[in-house]
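Trainee: Would you mind keeping the following structure in view while I ask a few things?
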Amino acid sequence: DGPDLSMYRRHAKRRREAPDHALPASSKAPVMTTTTHDGPGGAFSSSSSSGGAAGASSSSSSAAAFYAPPPRRLHFFVRATDSKTIAIHAAADDTVAALQPEATVASLGLAPDSTLQLAARLRSTPHPKAWQLASHIAATAASGDAGTDSAHTLDDLVKEYIACCDPGSQHNRNDRRAKGDTGSTDRHAEDYLDIFLQSGAAIALVRLYLSDFSFSRSYAERAIRCFLSTDPATLPPNVMLVTAPVLLEFCRLLALTAGNKDSLYKSCRYTLASVLCLPLSVLGASKSPTKVIEQVLPFAREIVELVLNGLGSETMLVPRTDLEELSNFFKVLRQQVLLWMPDGSMPKNMYSRECKRTDTWVWELHEMSMNLLKRVDECLKRLEMDLSSLSSDTRGVIENQPIWVTRLHILAILTELDFISGIFEDVAHNLRFVLLAHKAPLNALVRCSKRNEHLHWLKKHKDLLCFEARRNLVLMLFSEGKDDYGELHEMLIDRSRLLDESFEYITQAKPSELHSGLFMEFKNEEATGPGVLREWFCMVSQALFSPQQVLFLPCPNDQRRFYLNGTSVVDPLHLKYFVFSGRVIGLALMHKVQVGIVLDRTLFLYLAGRSITLEDISAADPFTYASCKRILEMGAAEIDDLTLTFSRDVHTLGSRKTIELCKGGQDISVNISNREHYIDLLIKNIFVDSISDQLANFAKGFGDILANPKLREVFFGCLDLEDFDRMLGGSNNTINLKDWRSHTQYNGYKEKDRHVNWFWK
């Protein structure tokens with residue numbers, strides 16, 4: 001015998017909002033005779049009273065003068081006017097709607113075998129169609145549980161009910177609220193699904209699913225799976241957003257009865273996790289964050305156990321669906337915790353078991369996170385041992401090792417732990433400690449990762465990553481190109497009009513077209529392929545960054561390094577060329593082509609969303625750098641003699657213009673106490689404010705090439721300037737010819753062939 005589902009009726013509403021006309025006339029105002037029997041643990045005293053619509057009382061000839069301890073369980077046998085008997089189970093601390101607020105069953109003081117006269121009046125409802133259909137579903141499921149074949153239409157009935165949840169559905173023509181009250185349509189689907197739960201339809205379907213008859217079980221499963229459908233025709237998107245309470249009820253009932261290994265339960269739990277993560281998902285409009293957390297936490301704990309078991313196995317493998325559920329449940333929990341405590345992470349004393357003032361879910365969530373981190377630490381230790389057994393040559397091509405690709409789920413779990421570390425201080429501290437202790441396997445995993453923008457949290461730990469790992473981390477932010485030539489953006493360029501035609505091809509293309517990759521040909525030339533594309537990138541980059549184009553200027557002490565030219569704003573077309581420049585640089589990085597130029601630190605820091613300091617301008621503007629350094633070294637009298645104000649003079653096309661560094665800057669003198677602020681504003685004006693349009697257009701062009709333009713600052717934040725130099729400009733180191741020759745493989749040739757010797761010479 002399975003668990004008794006009737007206990008769930010204690011948590012349901014005592015009054016059912018069923019329509020008057022949904023029941024037979026004889027049931028409009030039922031009068032029922034109720035006999036009480038006490039469960040184990042004591043007995044109620046006898047008392048005498050009468051019942052009506054507003055309450056319930058007992059009628060007995062014998063009244064006790066004393067009160068015994070209340071029983072743990074109470075059983076009400078309700079005999080309706082149609083002579084049918086219903087057994088209702090209650091606990092002594094349950095409440096009854098008709099009693100005073102917070103009053104309990106125990107306060108009635110009922111003796112065993114007391115008789116109560118209950119009178120009830122069923123209230124009206126704005127959703128008669130919903131009540132009729134939900135009651136029909138519950139009744140059909142109940143008849144199917146008896147072994148009949150009448151439940152074969154259950155899935156059709158549930159589909160019809162879900163269709164009624166859509167305010168625009170033709171099924172709602174008889175719905176009073178759907179007809180005229182347009183302001184209530186937002187809650188329409190929520191009301192319908194709430195009626196579905198109140199009617200007992202969910203309990204009836206689960207009870208049918210537990211049937212000994214296989215056909216009854218299959219009918220119930222098909223009906224329940226209607227709420228799990230991804231087909232918009234079965235489950236409209238606006239209805240899916242509010243299905244969380246129904247899914248939560250199915251999960252509770254199935255977990256208690258069928259068990260957490262049941263396939264239908266797993267499907268319900270997976271769908272619940274997915275729905276809860278939808279941006280506008282609803283889990284009860286009036287529920288507090290702690291209530292939501294307490295409802296979701298048991299399922300999150302269950303998933304964490306599954307993940308821990310997978311990581312602890314010999315293979316350390318975790319199913320993809322378990323990882324998705326872990327991610328979704330953790331996301332919901334973190335959102336609710338931030339609603340509960342929006343100030344940020346909790347102090348450590350709040351999530352210790354000894355803290356009596358904190359809800360138990362706080363330390364439970366912390367304990368789950370720490371257990372996950374400990375298990376990941378053990379996995380990284382095992383990976384480090386595997387890595388140490390590899391030769392140095394094999395370690396250099398770790399990206400090609402299939403065994404490491406199958407371990408990438410460890411990075412996914414680390415991502416979730418970083419996500420939750422925003423709540424608990426010590427989780428963040430211990431996560432950093434684990435990463436620091438296992439840098440080698442961490443780097444190997446990052447180098448093996450494919451397109452994944454969710455790893456950008458590693459920007460906080462980029463000092464633990466090698467260049468190859470940091471490079472792969474940012475390359476994953478580009479869209480994955482297509483191998484099919486038909487999907488590539490094709491260009492046919494005339495060498496004599498290289499820049500003009502390239503500008504047209506690149507700027508007129510949609511970003512999505514460029515994400516697929518480029519196919520390049522020069523007019524009247526047969527050559528195609530990566531070599532031609534690489535040549536085009538280098539030629540266009542050299543032309544764009546040429547001083548003749550007035551877009552960029554080379555740094556005085558490094559002719560390969562460029563910064564934006566402040567006078568480039570004179571020609572309005574130049575702004576479009578900055579978009580073009582940003583796209584070309586982004587495409588070169590996406591195609592892993594080194595074009596022989598690099599960007600100045602000031603431009604790099606702007607793209608990374610970071611402030612520019614005095615030391616950052618030394619390469620781009622040595623004169624301003626030296627002047628500011630002298631001001632910082634001067635005494636008070638020397639600074640006063642300079643008669644500087646918070647403004648600067650700009651010469652453009654032979655004219656002079658004064659620009660204030662702040663409001664009223666011309667009237668503010670620079671002195672020894674405000675000189676540092678003056679220098680900060682001066683640098684910001686020269687390298688950001690005065691060229692803001694050019695910077696914004698260059699940044700936009702670069703962002704167009706990323707899979708998500710909003711991650712442009714993340715891209716540059718994951719790199720050091722030296723990393724970006726190597727990726728875009730190549731290395732300045734001389735190639736070791738001997739080392740190159742010793743690692744060369746000859747296919748179809750021999751090392752001593754004449755052509756090979758020519759090549760090396």
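The values are calculated or read from the model by the stated rules, or taken from the named source; none is laboratory data. Bear in mind the structure is a predicted one, so any value in this text is a computation, not a measurement. FYI the Cβ positions are ideal-geometry reconstructions off the backbone, even for glycines, and counts take in every protein chain you see.
The rows are residues; the columns are (1) in contact (Cβ under 8 Å) with a residue 40 or more places away in the chain; (2) under 30 Å from Pro342 (Cα atoms); (3) buried (at least 23 other Cβ atoms within 10 Å of the Cβ).
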| position | (1), (2), (3) |
| --- | --- |
| Ile224 | yes, no, yes |
| Thr230 | no, no, no |
| Ala233 | no, no, no |
| Pro236 | yes, no, no |
| Val239 | yes, yes, yes |
| Asn260 | yes, no, no |
| Leu280 | no, yes, no |
| Thr290 | yes, yes, no |
| Glu294 | yes, yes, no |
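Trainee: Can you name every one of the helices (runs of 4 or more DSSP H) wholly within segment 593-660 that holds 2 or more residues which are in contact (Cβ under 8 Å) with a residue 40 or more places away in the chain? Give the steps one after another, and end with the answer.
Mentor: Values: elements: 601-607, 622-633, 636-642.
Fully inside segment 593-660 and qualifying: 601-607, 622-633.
Trainee: Within segment 529-548, identify whether any single residue is assigned by TED's automatic domain parsing to the domain that holds Asn565 and of a type in the set (Asp, Glu), and answer yes or no. If you could, list the steps in order and put the result at the bottom.
Mentor: Residues of segment 529-548 assigned by TED's automatic domain parsing to the domain that holds Asn565: 529-548.
Subsequent filtering for residues that are of a type in the set (Asp, Glu) retains 535.
Scanning segment 529-548 turns up at least one residue that is assigned by TED's automatic domain parsing to the domain that holds Asn565 and of a type in the set (Asp, Glu).
Trainee: While we're looking at this one, here's another question. Of everything in segment 680-699, what is buried (at least 17 other Cβ atoms within 10 Å of the Cβ) and either within 21 Å of Val584 (Cβ to Cβ) or under 27 Å from the mean Cα position of the chain (by Cα) (or both)? Give them in sequence order.
Mentor: Just the residues of segment 680-699 that are buried (at least 17 other Cβ atoms within 10 Å of the Cβ), to begin with: 681-683, 685-687, 690-691, 694-695, 697-699.
Result: Ile691, Gln694, Leu695, Asn697, Phe698, Ala699.
Trainee: Of everything in segment 318-352, what is acidic (Asp, Glu) and assigned to a loop (DSSP other than H, G, I, E, B)? Give them in sequence order.
Mentor: Matches in segment 318-352: Asp343 only.
Trainee: In addition: One residue is enough: does segment 533-548 have a residue meeting the conditions more than 20 Å from Phe724 (Cα to Cα), crowded, with 18+ Cβ neighbours inside 10 Å, of a type outside the set (Lys, Arg) and in contact with a Phe, Trp or Tyr (Cβ under 7 Å, 6 or more places away or on another chain)?
Mentor: No, because not a single residue in segment 533-548 is more than 20 Å from Phe724 (Cα to Cα), crowded, with 18+ Cβ neighbours inside 10 Å, of a type outside the set (Lys, Arg) and in contact with a Phe, Trp or Tyr (Cβ under 7 Å, 6 or more places away or on another chain).
Trainee: Here is a follow-up. Would you call Ser199 out of contact with any helix residue (DSSP H, G or I) (no Cβ under 8 Å at 6 or more places or on another chain) and either in contact (Cβ under 8 Å) with a residue 60 or more places away in the chain or closer than 24 Å to Trp131 by Cα (or both)?
Mentor: Judged against the criteria, Ser199 is not a match.
Trainee: Looking only at residues that are touching a Pro at 6+ places or on another chain (Cβ under 9 Å) and at pLDDT below 90 in segment 405-456, which one is surrounded by the most Cβ atoms within 10 Å (Cβ to Cβ)?
Mentor: The qualifying residue surrounded by the most Cβ atoms within 10 Å (Cβ to Cβ) is Arg407.
Trainee: Might you check whether a residue that is in contact with a Leu (Cβ under 8 Å, 6 or more places away or on another chain), β-branched (Val, Ile, Thr) and outside any strand (DSSP E or B) occurs anywhere in segment 573-590?
Mentor: So far as segment 573-590 goes, yes, one or more of its residues are in contact with a Leu (Cβ under 8 Å, 6 or more places away or on another chain), β-branched (Val, Ile, Thr) and outside any strand (DSSP E or B).
Trainee: Against the condition assigned by TED's automatic domain parsing to the domain that holds Leu607, outside any strand (DSSP E or B) and exposed (fewer than 14 other Cβ atoms within 10 Å of the Cβ), how does Lys738 come out, does it pass?
Mentor: Answer is no for this residue.
Trainee: A further question follows. Filter segment 491-513 for residues that are part of a loop (DSSP other than H, G, I, E, B) and of a type in the set (A, V, I, L, M) and give the result.
Mentor: Listed by number, the list holds a single entry, Ala509.
Trainee: Moving on. Filter segment 202-222 for residues that are surrounded by fewer than 20 Cβ atoms within 10 Å (Cβ to Cβ) and either more than 35 Å from the chain's Cα centre (by Cα) or without any contact (Cβ under 8 Å) to a residue 24 or more places away in the chain (or both); which is farthest from Glu160 (Cα to Cα)? Even if it seems obvious, please write down each step before you answer.
Mentor: Restricting attention to segment 202-222, the residues satisfying the condition of being surrounded by fewer than 20 Cβ atoms within 10 Å (Cβ to Cβ) are 210-215, 217-218, 221-222.
Among the residues that remain, those that are also either more than 35 Å from the chain's Cα centre (by Cα) or without any contact (Cβ under 8 Å) to a residue 24 or more places away in the chain (or both) are: 210-215, 217-218.
Values: Leu210: 24, Ser211: 24, Asp212: 27, Phe213: 25, Ser214: 24, Phe215: 21, Arg217: 20, Ser218: 19 Å.
Here the answer is Asp212.
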